[in-house]
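> The structure follows.
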Amino acid sequence: MASGGAASSGKLRGNLVPDGKGSYIATTHADGVGDGTVFKFTPSDGGGSCSTVWTSMGEVGFPGDNLVIDANGNIFGTSDGGRNGFIWEITP
């Protein structure tokens, strides 16, 4: 259904979360690039496309699957981060 981008590898986690602009945000786990990826899926007629928003390279661990997007488009989530865990924010 989608071409290119982050969702082409790794395990999809959780649900697609609407960003309020016609696209959806979600995460992958252990995608071969790093610990996981936050990606954007933009649907179109007959499919859609994926683009990477952020890739965790070990600094905060595996991104979780429960994302929140605020009115300004900022993405909030959690990650395991080893023993401690993290709450993070991405400002696209």
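To keep it simple, each residue is scored yes or no on (1) modelled with pLDDT under 85; (2) out of contact with any Lys or Arg (no Cβ under 7 Å at 6 or more places or on another chain); (3) not in a loop (DSSP other than H, G, I, E, B).
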position: Gly14; (1), (2), (3): yes, yes, yes
position: Lys21; (1), (2), (3): no, yes, no
position: Ile25; (1), (2), (3): no, no, yes
position: Val33; (1), (2), (3): yes, yes, no
position: Ser49; (1), (2), (3): no, yes, yes
position: Val53; (1), (2), (3): yes, no, yes
position: Glu59; (1), (2), (3): yes, yes, no
position: Phe76; (1), (2), (3): no, yes, yes
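> Could you list all residues from region 35-47 that are in contact with a strand residue (DSSP E or B) (Cβ under 8 Å, 6 or more places away or on another chain), modelled with pLDDT of 90 or more and either hydrophobic (A, V, I, L, M, F, W, C) or in a loop (DSSP other than H, G, I, E, B) (or both)?
If the condition is that a residue be in contact with a strand residue (DSSP E or B) (Cβ under 8 Å, 6 or more places away or on another chain), modelled with pLDDT of 90 or more and either hydrophobic (A, V, I, L, M, F, W, C) or in a loop (DSSP other than H, G, I, E, B) (or both), then Phe41 is the only one that fits.
The values are calculated or read from the model by the stated rules, or taken from the named source; none is laboratory data. For clarity, every value in this text was computed on a predicted model and none was experimentally measured. As a convention, Cβ positions derive from the backbone with ideal geometry for all residues, glycine included, and neighbour counts pool all protein chains shown.
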